[in-house]
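Working notes, beginning with the structure itself.
The values are calculated or read from the model by the stated rules, or taken from the named source; none is laboratory data. Every value quoted in this text rests on a predicted model; they were computed, and no experiment measured them. For neighbour counting, all protein chains shown are included, and Cβ atoms are generated from backbone atoms with ideal geometry for every residue, glycine included. Side chains are part of the model used for accessible areas, which takes the heavy atoms of the whole protein and leaves out ligands, DNA and RNA. Shrake-Rupley method; radii C 1.70, N 1.55, O 1.52, S 1.80 Å.
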Amino acid sequence: MPHYMISGSYTAEGAKALLAEGGTSRLEQAKGLIESLGGTLEAMYFTFGSNDIVGFCELPNDAAAAAASLSVSSSGVINVHVTAMLTGQDLDDASSIAGQVQYRPPGQ
């Protein structure tokens, strides 16, 4: 099953709600969302810096990952980004394909 990294930043309204509700309940909500899409939440952490949360999960496909992103971001209290994670074999496969692609860089 494909792996994804989820990162997000709370809006001011979202941060206030997080302070009132606590982190544990938000982690349970994230786990429930991922499981409802047929996936598994491997880890999720609260961070400080450019992101407020970072997590790693398995999901059945890109459509499920997009559904998770849309569901959460449409709330308006957190902006979520989902990044597909590639294995070494995935990169080997991509490299093999890239070697056969016809492409001309701009200006050349």
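When region 1-16 is limited to residues that are in contact with a strand residue (DSSP E or B) (Cβ under 8 Å, 6 or more places away or on another chain) and among the hydrophobic types (A, V, I, L, M, F, W, C), the one that is farthest from Asp52 (Cα to Cα) turns out to be Met1.
Criterion applied to Thr47, Thr40, Thr24 was being among the polar types (S, T, N, Q) and within 11 Å of Tyr4 (Cα to Cα), and the one residue passing it is Thr40.
Within region 1-29, the only residue that satisfies the criterion of being touching a residue at least 40 places away in the same chain (Cβ under 8 Å), over 26 Å from Ala63 (Cα atoms) and open to solvent by 60 Å² or more (accessible area, probe 1.4 Å) is Glu13. What are the residue pairs meeting all of these: first residue in region 83-108, first residue within 30 Å of Ala64 (Cα to Cα) and modelled with pLDDT of 95 or more, second residue open to solvent by 70 Å² or more (accessible area, probe 1.4 Å) and acidic (Asp, Glu), Cβ atoms under 9 Å, and 6 or more apart or on different chains? So the pair list comes out as Ala84/Asp62. So in region 66-90, with the set limited to residues that are open to solvent by 100 Å² or more (accessible area, probe 1.4 Å) and part of a helix (DSSP H, G or I), which one is farthest from Met5 (Cα to Cα)? Restricting to residues being open to solvent by 100 Å² or more (accessible area, probe 1.4 Å) and part of a helix (DSSP H, G or I), the top hit is Gln89. Can you say whether Gly32 is at pLDDT below 95, more than 16 Å from Leu86 (Cα to Cα), open to solvent by less than 70 Å² (accessible area, probe 1.4 Å) and not β-branched (Val, Ile, Thr), as far as the supplied structure shows? For Gly32, the condition - at pLDDT below 95, more than 16 Å from Leu86 (Cα to Cα), open to solvent by less than 70 Å² (accessible area, probe 1.4 Å) and not β-branched (Val, Ile, Thr) - is not met.
One residue alone among Phe48, Phe56 is assigned to a loop (DSSP other than H, G, I, E, B) and either open to solvent by 30 Å² or more (accessible area, probe 1.4 Å) or in contact (Cβ under 8 Å) with a residue 24 or more places away in the chain (or both), and that residue is Phe48.
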